[in-house]
Amino acid sequence: MTHKLAKMVLGKKAQIRMVETIAVLIVFIFIVFIGYSFYSGWQKSSINAQLREINSRESVQIALKTYFMPELQCSFGTKLETTGCIDKIKFDKLSAMINDHSTPAVKNYYYGIFGNTEINLIKAYPFIQGQTNSNILYSSKISGSSYKRTQMPVSIYDPITKRYSFGYLQVDYYFS
Amino acid sequence: MKKAQMEIMGLAIIIILLMLGLVFIVKFTLLKPKASIQEDFASEQISQNFLNSLLITNVQECNDATVSQLISDCYEHSGSYGIISCELNSDSCAYLRDSLKSDFFENTLNKWNIPYRFSIDFPNNPLDINYNTKECIIRNVPDTYSKMENAQAKIGTLSGTTITVNLDLCS
C-alpha cells in the first residue's frame, strides 16, 4: 500500500516537471520568435535605407553631370565659366535637339547619360506670372514609379541681353 | 546543477535579454538616422551655389544692377539715397530689405522646405540685413538639426571695405 502511494506521488512530481519544462520551452520559443521578428524588421528597414541611399546617389550624380555639362555651361570666348552658370541659348538648342523626334539617336545618346530622369531648368527670378518658367531639357519618365528629386541653384545667362537670371536645375530620378 | 545555480543562470539570461531589448530601443528610437548623401549634398552644394548665383543676378527692378552691386551701393550710401535707384521710388537698401527675400527665397528654399539664415553683415554699420526661417534661428542646434552648412561670400566696396554675405542651411 505504502509502496503504491509513493509511486503515485513520484508520478505526479514527474508530470509537474514535464509541464514546467514544456512551459519553459514555450517561453523560450516565444522569445526567439520575437527576437527574430525584430531582427527581420531591422534587416528590412536597413535594406530599404540602402536602396534609398543608392537612388539618392544616382539622383545626385545625374544632377552633377547636368550641372557640369560643357554643352550647357556658360562660356566666354574659349573659357568655360564653372560657377554654376547655364547658357540659355545652349540650353534651348540642346533641349530642342534631344526632344526632336526625328533624331532619336541624340535622345538615345543622352539616355546613356541621364537614364530614366526628367531634367528641368526652372527660372525663379525674374518670375513672370502666366509665363512658362520651366523648360524641359530631357524627359524619360517611368510612369507610376517613384522618383527622387534633386535641385541645384544656377545662374541662367542670356548672351543676347547679357543678363543673368536666377534659377535651378530640377532632376527627378525615376526608379521602380 | 544545484537549484540556486539554476536560478542564477535564469536571472543572467533575463538580464541578457533585457540588455538586448535596450540595445534595440536605443537603435530605433533614440539614435537619429544619419543624414543621407542627398541631404549632405543639398546642404553643401545648395548653399554655395545659391549664394554664387544670387550675387551675379541682374535685378530688373533696379536698372539691371547685380545683387552684389546693390549690396555695395547700399553700404556706400547708407543714410543717404543710393546711386542705384529701384522701382517704386526705392533704393538699393530698400530692395535688399523688402524684396530680395520674396524674389529669390520664396520660390526656392522656402518651396523646398529648407530652413535657412541669410545675412548681409556691413562692417561698422547698423544696417545689417537678416532673413531667417523660424526653424533655423539658433546656430548649432544638434538636437534639432544634424548639421548646419555655411556658405560665405565677400564683396569689396569702392572704399576698400569688405562686406560679408552668409547663407546657412539647416539640415
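The values are calculated or read from the model by the stated rules, or taken from the named source; none is laboratory data. Quick caveat: nothing in here was measured; it's all calculated off a predicted structure. No Cβ is skipped: glycine too gets one built from the backbone with ideal geometry, and neighbour counts run over all protein chains shown. Side chains included, ligands, DNA and RNA excluded: accessible areas come from the protein's heavy atoms. Shrake-Rupley method; radii C 1.70, N 1.55, O 1.52, S 1.80 Å.
Kirkwood hydrodynamic radius for the stretch A:1-80: how many Å is it when counted over pairs of different Cα atoms?
So the Kirkwood estimate lands at 19.6 Å.
Between B:ILE25 and A:GLN131, what FRET efficiency follows from the Cβ-Cβ distance if R0 is 56 Å, with the result rounded to 0.05?
With a Förster radius of 56 Å, E is 0.55.
Below 25 Å, Cα to Cα, which lysines can A:LYS93 reach? Residues fewer than 8 away in the same chain don't count.
Excluding near neighbours in sequence, the set is A:LYS65, A:LYS79, A:LYS107, A:LYS123, A:LYS141, A:LYS162.
How many nm separate the modelled label positions at B:GLU87 and A:ALA23, each set 7 Å beyond the Cα in the direction of the Cβ?
Result for the modelled spin labels: 8.3 nm.
If one takes the accessible area of chain B alone plus chain A alone and subtracts that of the pair, with a 1.4 Å probe, what total in Å², rounded to the nearest 100, results?
Buried: approximately 2600 Å² between A and B.
What is the spin-label model distance, in nm, from A:ILE16 to A:SER139 if the labels are put 7 Å beyond Cα along the C-beta direction?
8.0 nm
Which lysines, on any chain, are close to A:LYS12 with Cα under 17 Å apart, when same-chain ones fewer than 8 places away are left out?
Straight-line reach from A:LYS12, under 17 Å: A:LYS4.
Under 17 Å from a point 7 Å along the Cα-to-Cβ line of B:LEU127: which residues of the stretch B:82-112 have their amide N that close?
Output list for this probe position: B:82-87, B:89-101.
Which of the chymotrypsin sites (Phe, Trp or Tyr not before Pro) found in the stretch A:45-78 are in a DSSP loop and have at most 13 neighbouring Cβ atoms, other than their own, within 10 Å?
Here the chymotrypsin sites (Phe, Trp or Tyr not before Pro) that fit, given the DSSP loop and packing criteria, are A:PHE68.
Express the carbon and sulfur contribution to the solvent-accessible surface of chain A as a percent, rounded to the nearest whole number, probe 1.4 angstrom.
So the carbon and sulfur contribution to the accessible surface is 64 percent.
Once the Cα atoms of helix A:88-98 and of chain A are each reduced to a long axis, what angle between those two axes, in degrees from 0 to 90 to the nearest 10, is obtained?
With both axes taken from Cα atoms, the answer is about 60 degrees.
Below 17 Å, Cα to Cα, which lysines can B:LYS27 reach? Residues fewer than 8 away in the same chain don't count.
Answer for B:LYS27, where 17 Å is the Cα cut-off: A:LYS44, listed by chain and number.
In whole Å, what three semi-axes, largest first, describe the equivalent ellipsoid of the protein assembly as shown built from its Cα gyration tensor (square root of 5 times each eigenvalue)? Provide the component values of the computation, followed by the final result.
Details: eigenvalues 809, 166, 38 Å².
The equivalent ellipsoid of the protein assembly as shown has semi-axes of 64, 29, 14 Å.
So what's the angle, to the nearest 10 degrees on a 0 to 90 scale, between helix A:104-114 and the longest Cα principal axis of chain A?
50 degrees
To the nearest 10 square angstrom, how much accessible area does A:GLU53 have with a 1.4 angstrom probe?
A:GLU53 exposes around 50 Å² with every protein chain in place.
Return the distance in nm (one decimal) between the two label points of a simple spin-label model at A:PHE30 and A:THR78, each offset 7 Å from Cα along Cα→Cβ.
8.1 nm
From the Cα trace of the stretch A:46-176, what convex hull volume per residue do you get, rounded to a whole Å³?
135 Å³
Which values of log₁₀ I(q)/I(0), to two decimal places, follow from the Debye formula for the stretch A:110-176 at q = 0.25 Å⁻¹ with a uniform point scatterer at every Cα?
Once normalised to I(0) and log-transformed, intensities are -1.06.
Residues of the stretch A:122-142 losing 10 Å² or more of accessible area relative to the isolated chain, 1.4 Å probe, heavy atoms only?
Flagged in the stretch A:122-142: A:ALA124, A:TYR125, A:PRO126, A:PHE127.
Looking at the stretch A:87-176, which trypsin sites (Lys or Arg not before Pro) are in a loop (DSSP not H, G, I, E or B) and have at most 15 other Cβ atoms within 10 Å?
A:LYS141, A:LYS162
How much area per residue is accessible in the protein assembly as shown when the probe is 1.4 Å and only protein heavy atoms are counted (Å²)?
It amounts to 61 Å² per residue over the protein assembly as shown.
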